[in-house]
Amino acid sequence: MFYDDGSLRTLIQTPRRTLSGAWLRLGFLFCIAAAGSVLASSRPEIVRSVTPETARDKQLEEAIGHEVGNDGYRYSYNHVSLSGGRTDAALVYLSTPDDCGSGGCILLVFEKEGEGYRLVSRITLIRTPVVVSSHVTNGRKDLIVFVSGGGTQPGYDAVLAFDGYKYPENPTVSPAVPLKKSVRGVAYLSGEIRPDSVIVVSPRR
């Protein structure tokens, strides 16, 4: 029950059953507002779609192995430009069963460093494609991913903005945010992840 006079005294004197109902209605309204915020999220404007590369990159695999260990793994990848200039990074999608769940798999973001790569971010709950946005935050292009599964209903596009050091580790929670305004971008790791686009690295003995 709502009161126009905003009186705390009136609220205190309200019978417990009525007060409980009021709080339940208020909580319901908050849930509706939150759902509406997600439903109002926009979609990115895809200007180009790029399927995973199939040629093996020895330096990249060394960097991946340093992060995941020697037990073997499956991955798909694309070289990308995150700084807006030359190709300076790689998006690596790990699809080993241990790396995946109902909400998606793990994305590793590497940047080139000398002759090799260094890890910038490890992001969970990722579904492909991964959109590299035209919008830049702290010197790196935003990443946009579609969030769904794992109890997230309805799905929506989330923006992962670079904070100067790394990208958010989880697209479903802050500092990741729903995309509110459509932005142009290139979709990488696009199309269905097929066996011929997945590179398998055997365990090291």
*Sole exception among (1) under 23 Å from Tyr156 (Cα atoms); (2) modelled with pLDDT of 55 or more for Gly85, by number*: (1)
*Can you spot a residue in the range 165-183 that is closer than 15 Å to Ala89 by Cβ and in a strand (DSSP E or B)?*
no
*asked:* Go through (1) of a type outside the set (A, V, I, L, M, F, W, C); (2) free of Cβ contacts under 8 Å to residues at least 24 places away in the same chain; (3) crowded, with 19+ Cβ neighbours inside 10 Å for Pro171 and report which single condition fails.
replied: (2)
*Specify the residue that is farthest from Ile46 (Cα to Cα); the eligible residues are those in the range 174-197 that are out of contact with any Leu (no Cβ under 7 Å at 6 or more places or on another chain), in contact (Cβ under 8 Å) with a residue 40 or more places away in the chain and of a type in the set (A, V, I, L, M, F, W, C).*
Ile193
*Filter the range 66-120 down to residues that are in a loop (DSSP other than H, G, I, E, B) and closer than 19 Å to Arg56 by Cβ and give me whichever is nearest to the chain's Cα centre (by Cα).*
Ser95
_Subset of the range 186-205 that is on the phi < 0 side of the Ramachandran plot and among the small types (Gly, Ala, Ser) - its residue that is modelled with the lowest pLDDT_ = Ser197
*Tell me, please, whether a residue that is basic (Lys, Arg), assigned by TED's automatic domain parsing to the domain that holds Ala90 and over 11 Å from the mean Cα position of the chain (by Cα) can be found in the range 121-134.*
no
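The values are calculated or read from the model by the stated rules, or taken from the named source; none is laboratory data. Given the structure is predicted, the values throughout are model-derived calculations rather than measurements. Every residue, glycine among them, receives a Cβ derived from its backbone with ideal geometry; neighbour counts consider all protein chains shown.
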